[in-house]
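Read through the structure below, which is laid out as C-alpha cells, and then see the notes.
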Amino acid sequence: MDITKVQEKGIQPKPKTEKNLKSALVEAAHSFAASKNYLGAMYRRTAARKGKKRAAVNVAHDM
C-alpha cells in the first residue's frame with residue numbers, strides 16, 4: 001500500500017517491531033526493580049500502588 005494512501009485515510013502504519021520493542025522495554029523496566037536510581041525508585045513506588053505489571057509499563061514509558 002502506498003504511504004500517501006495510508007496518510008489520506010488517516011491510518012497510522014505500525015512497524016512490525018513495535019511489539020518486540022515494547023517487550024524489550026518492559027523487560028528492562030523489570031530489571032530496575034532492584035536498582036538504586038531514579039527509575040528503580042519509580043518502579044517501586046508504582047508497584048506498591050498499582051502492581052508490578054503497571055509499574056513496568058510506567059517505567060518503560062519513562063525510559
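Here are some notes:
- Of all residues in the stretch 5-19, none are at pLDDT 85 or above and part of a helix (DSSP H, G or I).
- Matching residues, the stretch 22-63, being among the polar types (S, T, N, Q) and in contact with a helix residue (DSSP H, G or I) (Cβ under 7 Å, 6 or more places away or on another chain): Thr46, Asn58
- Residues in the stretch 19-40 that are farther than 10 Å from Val59 by Cβ and small (Gly, Ala, Ser): Ser23, Ala24, Ala34, Ser35.
The values are calculated or read from the model by the stated rules, or taken from the named source; none is laboratory data. Note that this is a predicted model, so its numbers are computed, not measured. Note that we place each Cβ from the backbone using ideal geometry, even for glycine, and neighbour counts take in every protein chain shown.
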